[in-house]
1. Does Val253 qualify as being free of Cβ contacts under 8 Å to residues at least 40 places away in the same chain, farther than 30 Å from Leu40 by Cα and buried (at least 16 other Cβ atoms within 10 Å of the Cβ)?
2. What number goes with the only condition from (1) within 28 Å of Arg298 (Cβ to Cβ); (2) in a strand (DSSP E or B) that Ala90 does not pass?
3. Tell me, please, whether a residue that is within 17 Å of the chain's Cα centre (by Cα), surrounded by 15 or more Cβ atoms within 10 Å (Cβ to Cβ) and under 30 Å from Ser69 (Cα atoms) can be found in the stretch 291-314.
4. Looking at the stretch 282-304 only, could you name the residues that are among the small types (Gly, Ala, Ser) and either in contact (Cβ under 8 Å) with a residue 40 or more places away in the chain or touching a Gly at 6+ places or on another chain (Cβ under 6 Å) (or both)?
5. For Thr72, state whether it is hydroxyl-bearing (Ser, Thr, Tyr), over 26 Å from Ile134 (Cα atoms), at pLDDT 50 or above and under 23 Å from the mean Cα position of the chain (by Cα).
6. Look at the stretch 97-137 and say how many of its residues are exposed (fewer than 15 other Cβ atoms within 10 Å of the Cβ) and either in contact with a Lys or Arg (Cβ under 7 Å, 6 or more places away or on another chain) or within 28 Å of Leu183 (Cβ to Cβ) (or both).
7. Please go through the stretch 273-290 and pick out each residue that is farther than 17 Å from Tyr48 by Cβ, surrounded by fewer than 18 Cβ atoms within 10 Å (Cβ to Cβ) and out of contact with any strand residue (DSSP E or B) (no Cβ under 8 Å at 6 or more places or on another chain).
Amino acid sequence: MNGRAKFFCRIVFSTLFFCIIAANVSGQEADEQAENESSLIFLMPAGYEFISLERQTMHAPSAGFGFISAQTGRRFLGMVTYRHVFFQEAAHLGIPQRFHQINAIFDGSINRHRLMFFLGSSSDEPIVGGFSVIQAMAGWGYEVVNRPHTSLTLGVTLGIGDFGIALPSGDPLPVLPLPLIRLNVETQWLALSFTVPTLGFTIAPQQRVRLAGNIQLVSFRSISDIIFECTLWYRLFGADHRMGDFAGIGVGVRSASSSFTISHDATRFEMRQTSVFAVADFSIARIRGGWIFDSRYRLDRRDAGSPGRGWYVSLQGNIPIAR
């Protein structure tokens, strides 16, 4: 179950992150899309994260390429990203200092049918290691409820990878069917999205002052396995302004995790941080900086010490190129 939950969360987090980017870009191109029956937008995301702790420093540049295609009754989104993570100090004996994260995601809709595909690798050797370092998922769903403020999609997905479920022979179960449940509710005072096992919400989504957050369950072991982020936002322009919901500043608290699989022995290494932060969001660019007041190393779900307190800064950008 632990492995399956982590697999779910990785898919959900990547999907939500990409959908946020797509929503921002789509919002900026809304007028053009209204005038054209079909549109195609290419995206060029890039980012950099720097973490400085008492006994560790981490650099993580990233880059990718994606697209959004929309026409009457159809919408397709796709993205491929690469993230290189470098730890300046060795966390433990035998733990590499460089890791690679590769994610490819596709999310599409044809009328009320929903399609999803995900392929990811997070390891010191992104291709070596088989099911222990590579996860894949393909799914189909049908939107059984389609109302102005409510959407519910039900379906099934097929996952390939190491889910932490062993066969009688002791080998991991390589293929697993999983349910697809996606619920979205939007009202004047609450926007809610739920995709197992992630819950996202925004209180007062149409106001300039709003509270947004998401909660993810990465394991079923204890309450400490909940990953979360909560931000109090102030949007710089009102709903009736010509700039729309373009820019905002906020403060918040979050629990974040960077996890990898060691290719030669399938050891799971994780660095987790809990922090308070400030953020400036300009839709196509987001700058965040904060203070990390708690950090932990984990090896195969066991506590392996702490690199101490510190601070971090991250920059995420996404350049839309409309055709």
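1. On the way: free of Cβ contacts under 8 Å to residues at least 40 places away in the same chain: yes; farther than 30 Å from Leu40 by Cα: yes; buried (at least 16 other Cβ atoms within 10 Å of the Cβ): yes.
The answer is yes for Val253.
2. Here Ala90 clears every test but (2).
3. yes
4. Within the stretch 282-304, Ser283, Ala285, Ser295, Ala304 qualify.
5. No; evaluated as a whole, the condition is false for this residue.
6. 4
7. None - no residue of the stretch 273-290 is farther than 17 Å from Tyr48 by Cβ, surrounded by fewer than 18 Cβ atoms within 10 Å (Cβ to Cβ) and out of contact with any strand residue (DSSP E or B) (no Cβ under 8 Å at 6 or more places or on another chain), so the list stays empty.
Conditions (1) part of a strand (DSSP E or B); (2) touching a His at 6+ places or on another chain (Cβ under 6 Å); (3) crowded, with 19+ Cβ neighbours inside 10 Å, marked per residue:
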| site | (1), (2), (3) |
| --- | --- |
| Ala70 | yes, no, yes |
| Tyr82 | yes, no, no |
| Ile95 | no, no, no |
| Val156 | yes, no, no |
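The values are calculated or read from the model by the stated rules, or taken from the named source; none is laboratory data. None of these values were measured; they are calculated from a predicted model. When we count neighbours, we look across all protein chains shown, and the Cβ atoms used for this are built from the backbone with ideal geometry, even at glycine.
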